[in-house]
Amino acid sequence: MINDIRVGALIAYCSIKRGNKKTLTFIVFVLSLIFLNLVFLPSMIGGLLGMFTGFIQDYPYGDIVIEPTDGNAYINNADNVLKKVRAVEGVRAATKRLDVGASINHKQKVVGVMITGMLPTEEYDVSRYPYIVSEGNFLSDLSRDEIIIGAIIAGTGHGSEIYDNLGEVRPGSFVDVTYSNGVKRNYKVKGIMEGTFEIVDLNALVHYKEIEDVYGLEGKEATSVVVRVTDQGTETRVRDKIREAGVNEQIFTWADKSESLIRQAMQSMGAIDIMSKIVSLIVGAALVLIITYINVMNRKKEIGILKAVGITPRSIVVSYAFLSTFYVLLGIFAGLILYFTLMLYFQANPVVFYETIEISPVIDHVLLVQSIVTMLTLSVIAGILPAWSVSRESILKAIWGQ
Amino acid sequence: MIVVKDLKRYYGIGETAVRALNGVSFEITKSEFVAIMGASGSGKTTLLRILALLDDATDGIYTIRGLEVSSLPEAERSFYRLTQVGYVFQDYALINEMSAAENVYVLSMMEGKSKKESYITALEALDKVGLKEKHDRVPGELSGGEKQRVAIARAIAKKPDIMFADEPCANLDTNNSKQVLDVFKELNEKYGQTIIMVTHEPWHVEYVSRVITLEDGIVISDENRQNNKISPK
Ligand SMILES: Nc1ncnc2c1ncn2[C@@H]1O[C@H](COP(=O)(O)OP(=O)(O)OP(=O)(O)O)[C@@H](O)[C@H]1O
Ligand SMILES: [Mg+2]
């Protein structure tokens, strides 16, 4: 076997060193495209999913969200919960919110919305709401008769044409809000927020105290407590610690939330992803098979000669294994260069959906390693098979076609 | 050394079968240089391929040094081809991507010799055919006669019991043919190499010690030549 390997290596080495460089370049080019095909779409899909989950973290749920136990409308001792949460190691910031239903009215136009009552100064550390005000300003601690309106309901955001909107609401406009308990308030629009995410742009924000006032709460209730962790990836651990710290409400990580929220989306994406992978693999393996097959057929006589002079069929198969490994390694290398070039390009120039949603691909190292390994294995098998079948043919047939 | 008894090789079966060899018998002793001659289609190539273990006889007995080789399993025949049998093809059959030395050396490596040893063996063999200087040229950079001499070097590097050659000069002009035949002759006389060569050029018999003539698959004459004086055509 050692001899087979040495001889196989020599044959492969000579055929690479003195073989046709154009053919080699072409084969490597095709292989690099196969590799790219294998990793590119999943990277885009990864980018899409990453963007969704990013939104979920940045707006409604943070890294960890605490919600009332089943059957309760509120977390009853929100400040107590906050105190416990803030004491947990690994928690960077936390705040409480009150989400309520309401309708907004402006010059005969009425739109149903969800209004979130929040503590403006605390939001700077917890969410991106303060940073996405495209016109006007974010709420301040003194904002008691002011409101922030999402761009879609304001009628200025992308996508507002497909939703009910208030027409021409600008900072400084006045709107009437009717809360779900019938209480009416008049607010001045302080700012328009645009997060290019429907859940955000269909929402409105007021001061926490406003909601307390309207609903007659006593300064302790909240519909959610939103938590951010110091290090991404520690959510699950921190969630368990919060539970250990004596918080008895429901605690979810963003992943728990996004799973139920976009499970549907994830599943169909995942299916596309897997299908595209399988198809690329089959196409890739077939191409490698064809390439080696043609290569082997062209060198059928040579294989016969090698056998006739006493080279074992096994060394011949080994030499093709070396050859395809070499081709595939070069192909993967070229593919990686292409891939990273494309990644750089698309990260600098994201693909734009619905005019505002920008998707940049995400480089997934596990995926890369997986693809490299799969490609190597498949290609080596696809490369060996034709060599194996020819090397078993009779010498007379291989050399003289008889 | 070689004993062939009633060797038969039919192509196809039944009434329409071509009887390429129809009962061939002879013995060849060590250090003979034998020419197999005969008209086209008389069965020379068929015989040689069987002797070189590239093909199987339909019937008959073939032994090398008393070992019945015709019935060996393929793996052992492969080993025999590698270690005991040298074969020179009409069209050289060199590997185009390998240099002269590599074409020879790959066989020594197959036998398990070290890289260095293999290289030395290859150079020795190339030296015997007068091509030591051109050891790093690829076949594309060699003349027909030179290519055939590399093929001979490949066949003799392993110091085979017998060397076979099927019309080794068919693609060569007279000059190159002479070079090749001189190499054969020298190998035969100097090193006692047993050679069995198929040819149909009458002037080639000047080089050999024995001529076996085939016709329609049987031996019609088998004569020793006493003094092989080389006379140009
Ligand atoms: N694969 C084959 N199938 C059928 N018949 C064959 C095959 N190979 C050879 N023959 C026949 O066997 C006979 C002997 O062929 P062979 O090649 O041994 O002749 P040869 O003496 O070498 O001729 P040449 O001088 O033309 O090379 C011929 O009649 C030939 O047609
Ligand atoms: Mg012939």
Within region A:300-328, which residues are open to solvent by 20 Å² or more (accessible area, probe 1.4 Å) and outside any helix (DSSP H, G or I)?
A:THR312
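Yes/no per residue for (1) within 16 Å of ligand 2 (Cβ to nearest atom); (2) within 14 Å of chain A (Cβ to nearest Cβ); (3) assigned to a loop (DSSP other than H, G, I, E, B):
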site: B:LYS8; (1), (2), (3): no, no, no
site: B:ASN22; (1), (2), (3): no, no, no
site: B:SER40; (1), (2), (3): yes, no, yes
site: B:GLY86; (1), (2), (3): no, yes, no
site: B:ASP91; (1), (2), (3): yes, yes, yes
site: B:ILE95; (1), (2), (3): no, yes, yes
site: B:VAL104; (1), (2), (3): no, yes, no
site: B:SER108; (1), (2), (3): no, yes, no
Complete set of residues in region B:206-223 that are farther than 23 Å from B:ASP161 by Cβ and either surrounded by fewer than 19 Cβ atoms within 10 Å (Cβ to Cβ) or under 17 Å from the mean Cα position of the chain (by Cα) (or both):
B:GLU206, B:THR213, B:GLU215, B:ASP216, B:ILE218, B:ILE220, B:SER221, B:GLU223
Run B:LEU53 past the list (1) within 16 Å of ligand 2 (Cβ to nearest atom); (2) assigned to a loop (DSSP other than H, G, I, E, B); (3) in contact with a helix residue (DSSP H, G or I) (Cβ under 7 Å, 6 or more places away or on another chain) and report the number of the one that doesn't hold.
(1)
If you check B:THR58, B:THR63, which single one turns out to be touching a residue at least 12 places away in the same chain (Cβ under 8 Å), within 15 Å of ligand 1 (Cβ to nearest atom) and surrounded by fewer than 20 Cβ atoms within 10 Å (Cβ to Cβ)?
B:THR58
Being acidic (Asp, Glu), in contact (Cβ under 8 Å) with a residue 12 or more places away in the chain and farther than 20 Å from B:ALA170 by Cα narrows B:GLU76, B:GLU124 down to just B:GLU124
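Please give the helices (runs of 4 or more DSSP H) falling wholly within region A:1-118 in which 3 or more residues are within 14 Å of chain B (Cβ to nearest Cβ).
In region A:1-118, A:2-18, A:21-56 are the helices (runs of 4 or more DSSP H) which contain 3 or more residues that are within 14 Å of chain B (Cβ to nearest Cβ).
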Could you list, ordered by first residue, the pairs with Cβ atoms under 9 Å in which the first is in region B:178-204 and farther than 16 Å from B:LYS158 by Cα and the second is open to solvent by 70 Å² or more (accessible area, probe 1.4 Å) and within 16 Å of ligand 2 (Cβ to nearest atom), at least 6 apart or interchain?
B:VAL198/B:GLN90; B:HIS200/B:SER40
Those residues of region A:80-109 which are over 19 Å from A:VAL238 (Cα atoms) and in contact (Cβ under 8 Å) with a residue 40 or more places away in the chain, in sequence order:
A:ARG97, A:LEU98, A:ASP99, A:VAL100, A:GLY101, A:ALA102, A:SER103, A:ILE104, A:ASN105, A:HIS106, A:LYS107, A:LYS109
Any residue in region A:306-319 that is assigned by TED's automatic domain parsing to the domain that holds A:LEU98, modelled with pLDDT of 90 or more and of a type in the set (A, V, I, L, M)?
no
Name the residues in region A:114-131 that are under 18 Å from A:ILE152 (Cβ atoms), among the hydrophobic types (A, V, I, L, M, F, W, C) and open to solvent by less than 20 Å² (accessible area, probe 1.4 Å), would you?
A:ILE115
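Any residue at all in region B:214-221 that's away from chain A (no Cβ under 14 Å), in contact with a helix residue (DSSP H, G or I) (Cβ under 9 Å, 6 or more places away or on another chain) and more than 16 Å from ligand 2 (Cβ to nearest atom)?
Narrowing region B:214-221 to residues away from chain A (no Cβ under 14 Å): B:214-221.
When the remaining residues are screened for being in contact with a helix residue (DSSP H, G or I) (Cβ under 9 Å, 6 or more places away or on another chain), the result is B:214, B:217.
Still in the running and more than 16 Å from ligand 2 (Cβ to nearest atom): none.
Within region B:214-221 (the criterion being away from chain A (no Cβ under 14 Å), in contact with a helix residue (DSSP H, G or I) (Cβ under 9 Å, 6 or more places away or on another chain) and more than 16 Å from ligand 2 (Cβ to nearest atom)), the answer is no, since none of the residues qualifies.
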Within region B:129-152, how many residues turn out to be modelled with pLDDT under 90 and open to solvent by less than 10 Å² (accessible area, probe 1.4 Å)?
5
Select from region A:388-402 the residues that are facing another protein chain (nearest Cβ under 9 Å) and among the β-branched types (Val, Ile, Thr) and write down the one among them that is farthest from ligand 2 (Cβ to nearest atom).
A:ILE395
Hits in region A:70-95 (condition: hydrophobic (A, V, I, L, M, F, W, C) and either buried (at least 20 other Cβ atoms within 10 Å of the Cβ) or in contact with a Phe, Trp or Tyr (Cβ under 6 Å, 6 or more places away or on another chain) (or both)):
A:ILE75, A:ALA78, A:VAL81, A:LEU82, A:VAL85, A:VAL88, A:VAL91, A:ALA94
From the list A:VAL362, A:VAL352, A:VAL373, which one is surrounded by fewer than 18 Cβ atoms within 10 Å (Cβ to Cβ), hydrophobic (A, V, I, L, M, F, W, C) and not in a helix (DSSP H, G or I)?
A:VAL352
Among (1) surrounded by fewer than 16 Cβ atoms within 10 Å (Cβ to Cβ); (2) of a type outside the set (Asp, Glu); (3) away from ligand 2 (no atom under 16 Å from the Cβ) - the single one B:VAL4 does not satisfy
(1)
With criteria (1) modelled with pLDDT under 90; (2) under 17 Å from A:LEU98 (Cβ atoms); (3) in a loop (DSSP other than H, G, I, E, B), A:LEU166 comes up short on (2)
Please indicate, with yes or no, whether at least one residue in region A:333-344 is in contact with a helix residue (DSSP H, G or I) (Cβ under 9 Å, 6 or more places away or on another chain), within 14 Å of chain B (Cβ to nearest Cβ) and either outside any helix (DSSP H, G or I) or crowded, with 23+ Cβ neighbours inside 10 Å (or both).
no
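On the basis of being more than 12 Å from chain A (Cβ to nearest Cβ) and either crowded, with 16+ Cβ neighbours inside 10 Å or within 24 Å of B:PRO160 (Cα to Cα) (or both), does B:PHE79 make the cut?
On the way: more than 12 Å from chain A (Cβ to nearest Cβ): no; either crowded, with 16+ Cβ neighbours inside 10 Å or within 24 Å of B:PRO160 (Cα to Cα) (or both): yes.
So B:PHE79 fails the test.
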Any residue in region B:111-134 that is in contact with a Leu (Cβ under 6 Å, 6 or more places away or on another chain) and not basic (Lys, Arg)?
no
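Report, by residue number, each residue of region B:165-178 that is surrounded by fewer than 18 Cβ atoms within 10 Å (Cβ to Cβ) and away from ligand 2 (no atom under 16 Å from the Cβ). Full working, then the answer.
Residues of region B:165-178 surrounded by fewer than 18 Cβ atoms within 10 Å (Cβ to Cβ): B:170-171, B:173-175.
Once the filter is applied, which keeps residues that are surrounded by fewer than 18 Cβ atoms within 10 Å (Cβ to Cβ) and away from ligand 2 (no atom under 16 Å from the Cβ), region B:165-178 yields B:ASP173, B:THR174, B:ASN175.
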Would you check if there is a residue in region B:4-24 being acidic (Asp, Glu) and under 17 Å from B:ASP222 (Cα atoms)?
yes
Just one of (1) within 14 Å of another protein chain (Cβ to nearest Cβ); (2) surrounded by 23 or more Cβ atoms within 10 Å (Cβ to Cβ) trips up B:GLN193, so point out which.
(1)
Is there a residue being open to solvent by 10 Å² or more (accessible area, probe 1.4 Å), within 13 Å of chain A (Cβ to nearest Cβ) and small (Gly, Ala, Ser) anywhere in region B:112-128?
yes
Counting only residues that are open to solvent by 10 Å² or more (accessible area, probe 1.4 Å) and more than 30 Å from A:ARG228 (Cα to Cα), how many does region A:39-55 have?
2
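The values are calculated or read from the model by the stated rules, or taken from the named source; none is laboratory data. Predicted, not measured: the structure shown is a model, and the values here were computed from it. Cβ sites come from the backbone with ideal geometry, for glycine too, and all protein chains shown count toward neighbours. The protein model used for the area step is the full one, side chains on, heavy atoms only, and it has no ligands, DNA or RNA in it. Shrake-Rupley method; radii C 1.70, N 1.55, O 1.52, S 1.80 Å.
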